[in-house]
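Notes to accompany the following structure.
The values are calculated or read from the model by the stated rules, or taken from the named source; none is laboratory data. Please read these numbers as outputs of a predicted model, since none were measured by experiment. In this analysis, Cβ positions are derived from the backbone assuming ideal geometry, glycine residues included, and neighbour counts consider all displayed protein chains. Please note that ligands, DNA and RNA were not included when accessible areas were found on the heavy atoms of the full protein model with its side chains. Shrake-Rupley method; radii C 1.70, N 1.55, O 1.52, S 1.80 Å.
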Amino acid sequence: VQLQASGGGLVQPGGSLRLSCVASGVPFNINVMGWYRQAPGEQRELIATITSGGYTNYADHVKGRFTISRDNAKNTVYLQMNSLKPEDTADYYCKAETSWYSYWGQGTQVTVSS
């Protein structure tokens with residue numbers, strides 16, 4: 001099983017980034033895919049999740065700025081991040097949840113700085 005995240009980088013405040021995460025080799029149907037982030041010295045926190053049916057859930061501090069989407073046929077989840085702030089700087093991780101197991105991808109680093 002592999003979750004490959006990409007799309008991180010350095011962006012100025014107010015800028016945008018789009019993260020992608022492709023899940024491969026998952027032996028079961030993926031019910032929920034999500035994005036989490038972890039800043040240095042902080043705990044990993046939920047950013048957004050999306051079910052196979054398209055139901056979404058967001059952390060309050062990203063509502064209106066971030067949009068999660070998903071391509072079920074490609075087992076891919078996206079995170080469109082707009083109006084980025086310095087406090088959005090973190091390693092971003094994707095997660096795939098089946099009825100039995102959860103799988104994590106490696107982090108992709110997002111740095112918001114002028």
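The distance between label points at GLN38 and SER114 comes to 3.1 nm (points 7 Å beyond Cα on the Cα→Cβ vector).
For the chain, carbon and sulfur atoms together expose 45% of the accessible surface, with a 1.4 angstrom probe and every protein chain in place. Note on the range 34-100: semi-axes of the ellipsoid equivalent to its C-alpha gyration tensor, largest first and rounded to whole Å, are 21, 14, 10.
Alpha-carbon geometry of the chain: the Rg and the Dmax are 13.4, 43 Å, given in that order.
Rounded to two decimals, the Cα-based Rg/Rh of the range 74-114, with Kirkwood Rh, is 1.07.
Of the GluC sites (Glu not before Pro) in the range 37-95, the ones in a loop by DSSP (not H, G, I, E or B) with at most 15 other beta carbons within 10 Å are GLU42. Charge dipole (Cα centre; +1 on Lys/Arg Cβ, -1 on Asp/Glu Cβ; no other charges) of the chain amounts to roughly 220 debye. Surface exposure of the range 51-114, expressed per residue as accessible area with a 1.4 Å probe, stands at 53 Å².
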